[in-house]
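First comes the structure, then the notes that go with it.
Quick note: the coordinates plus some simple rules give every number you see, no bench work behind them. Given the structure is predicted, the values throughout are model-derived calculations rather than measurements. A quick note on method: Cβ atoms are made from the backbone with ideal geometry, for glycine too, and the neighbour counts reach across all protein chains shown.
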């Protein structure tokens, strides 16, 4: 008999011993020269230990013993030793230490290869037996002592060269309670109110004036494009890619925002948006929640239209999507919001479209008319030069107006001009002043580089909102104030 195994068994069962080797259970030593492959300990859990042959597919059997207590599991490897020798040493040590045998099997009596794999799945920490499915031995024993009833389940298998030992020690005990306390005073406290960080004037100007951002939301991206098209899904998806779904295309001023919110669920954000939009009298065009919004691929299709993000990454959880509409004096207003989460942060992808007819009468492309305005007023108003919001790059659709200015300068070779940029009064003063000058410089640059006008004939100036053409209270007035003027220079 293995004296080391025997002595450790006796001492641990009836006394309280310290761990001599943290890798081994103090009740049962490992086989001589065995190495630990894996181990685990769980305080007070339940495990099902087989006490009979595992069932085949065609004749399932469920002979198991459900045990609850502290569970310690080890997988050992013993090189160049037969499974028989290892098993007999464990068997002898447990038998002489007073353990009674609940169940055991040897070799063919343990079942087929399939049944061995099923058995190992119950008592092993290994993912698979690989080729360790030969010469199997298995036993379940128990004994009651001062520490209570202890069960040990051991399976020994071989690949004909080396041996694996799957060892399970289950120490039944009463459940220790009182480890969790409840503070009933908390129930009398008022509901917790989320702290709201004030938004600076600079940040507030970045939001659309129609709807405020969610508290503590941070802008990731924003854009505004005058008179563009936005296509919005307004139904569930069907078929495979490309998917089939209903959609609407809206023409108007399109403003997009992407916000990020920490430690707030997409549900709470959605409910707040829904409440605010409905209170404002908007009518629902389409709405979906959670699984009703479809798969991650479907969410990507939604986000592609209304989002400024390159990808929704792993923000594909707990989605909410809504499209609402309201009639206004200048045309319908559409609000589309996709709210998605990665379970830690929430993204709000928001698009607002303000429908309106194209104000084509603002665009003058006649060089004779520009000349007439210069002679009568000393300046000519140029509304057909377009820029994206907060940008100073002349857009391609400005070509008719740029052609007209170049035609005027080529007709009047002695004419020199101040090219003056103007903005409305939205936003910060310094920003608007700089932006108006940058836009004026962009017009001059294109006249010089593309139309070959002498640079000495042109001076760019930006005056921001200082010289409005109309009121800044209405959107129509603001459009008139966002312009470029040509002012005649005397020298």
Could you pull out which residues in the stretch 115-147 have an amide N less than 20 Å from a spot 7 Å beyond the Cα of residue 103, following the Cα-Cβ vector?
115-126, 129, 133-144
Spacing of the two label points (7 Å from each Cα toward its C-beta) at residue 117 and residue 475, in nm
6.7 nm
Can you give me the C-alpha center-to-center distance between the stretch 90-158 and the stretch 186-216, rounded to a whole angstrom?
62 Å
Cα axis of helix 296-306 to longest principal axis of the chain: angle in degrees, 0 to 90, nearest 10?
20 degrees
With label points built 7 Å along Cα→Cβ from the Cα atoms of residue 265 and residue 248, find their separation and express it in nm.
3.0 nm
Students often check this: by mean Cβ neighbours within 10 Å, which of 128-139, 158-169 ranks highest, and how do the rest follow?
158-169, 128-139
Using all C-alpha to C-alpha distances in the chain, build P(r) with 10 Å bins and read off the rounded percent in each one.
3, 14, 15, 11, 11, 11, 9, 8, 8, 6, 3, 1
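Can you order the peptides 171-184, 447-460, 471-484 by their average number of other Cβ atoms within 10 Å per residue, highest first? Before the final figure, lay out the partial values.
Values: 171-184: 8.7, 447-460: 14.7, 471-484: 16.9.
The packing order, highest mean first, is 471-484, 447-460, 171-184.
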What FRET efficiency, computed as 1/(1 + (r/R0)^6) with R0 = 35 Å and r the Cβ-Cβ distance, is obtained for residue 451 and residue 231, rounded to the nearest 0.05?
0.45
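When the chain is fully extended, how far beyond the present Cα-Cα distance does residue 403 get from residue 40, taking 0.36 nm per residue of separation? Working shown, then result.
Values: separation 363, 0.36 × 363 = 130.68 nm, distance 7.99 nm.
Result for the pair: 122.7 nm of gain on full extension.
Please rank 260, 249, fewest neighbouring Cβ atoms within 10 Å first, as an exposure proxy.
Placing the least packed residue first, the sequence is 249, 260.
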Neighbour-count ranking for 44, 286 (other C-beta within 10 angstrom, fewest to most) reads 44, 286
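State, as an integer percentage, the relative contact order of the stretch 202-355 based on alpha-carbon contacts under 8 Å between residues 6 or more apart.
On the way: 321 pairs, mean separation 41.7, N = 154.
Over the stretch 202-355, the number comes to 27 percent.
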When ranked by the protection proxy of mean other Cβ atoms within 10 Å per residue, highest first, what sequence do the peptides 398-407, 219-228, 315-324 form?
315-324, 398-407, 219-228
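Nearest 0.05, what FRET efficiency do residue 345 and residue 466 give at R0 = 51 Å with Cβ-Cβ as r? Don't skip to the end; give the middle numbers.
Working: r = 42 Å, r/R0 = 0.82.
That pair, residue 345 with residue 466, gives E of 0.75.
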Using square roots of five times the C-alpha gyration tensor eigenvalues, list the equivalent-ellipsoid semi-axes of the stretch 227-339 in whole Å, biggest first.
21, 18, 14
Explain nothing, just the number: relative contact order of the chain, from Cα pairs under 8 Å at least 6 residues apart, as a whole percent.
9 percent
One would report the antiparallel percent of DSSP beta bridges in the chain, rounded to the nearest 5, as 95 percent
To the nearest whole percent, what portion of all C-alpha pairs in the stretch 360-489 is separated by more than 20 angstrom?
38 percent
Taking Cα pairs closer than 8 Å and at least 6 residues apart, the relative contact order of the stretch 302-423 in percent is 17 percent
For the stretch 438-491, just list the percent of Cα-Cα distances falling in each 10 Å bin from zero outward, please.
22, 43, 26, 9
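Quick check on the chain: helices-only [θ] at 222 nm, where DSSP H runs of length 4 and up contribute -39,500 (n - 2.57) each and the sum goes over total residues. Nearest 500, please. The partial results should precede the final answer.
Details: 10 runs with 118 residues, N = 491.
Computed ellipticity for the chain at 222 nm equals -7500 deg cm²/dmol.
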Angle between the Cα long axis of helix 83-96 and the longest principal axis of the chain, 0 to 90 degrees, nearest 10?
70 degrees
Any idea what angle helix 429-449 forms with the longest principal axis of the chain, computed on alpha-carbon atoms, 0 to 90 degrees, nearest 10?
70 degrees
Taking the Cα-to-Cβ direction at residue 329 and at residue 290 and moving 7 Å from each Cα, how far apart do the two end points lie in nm?
4.4 nm
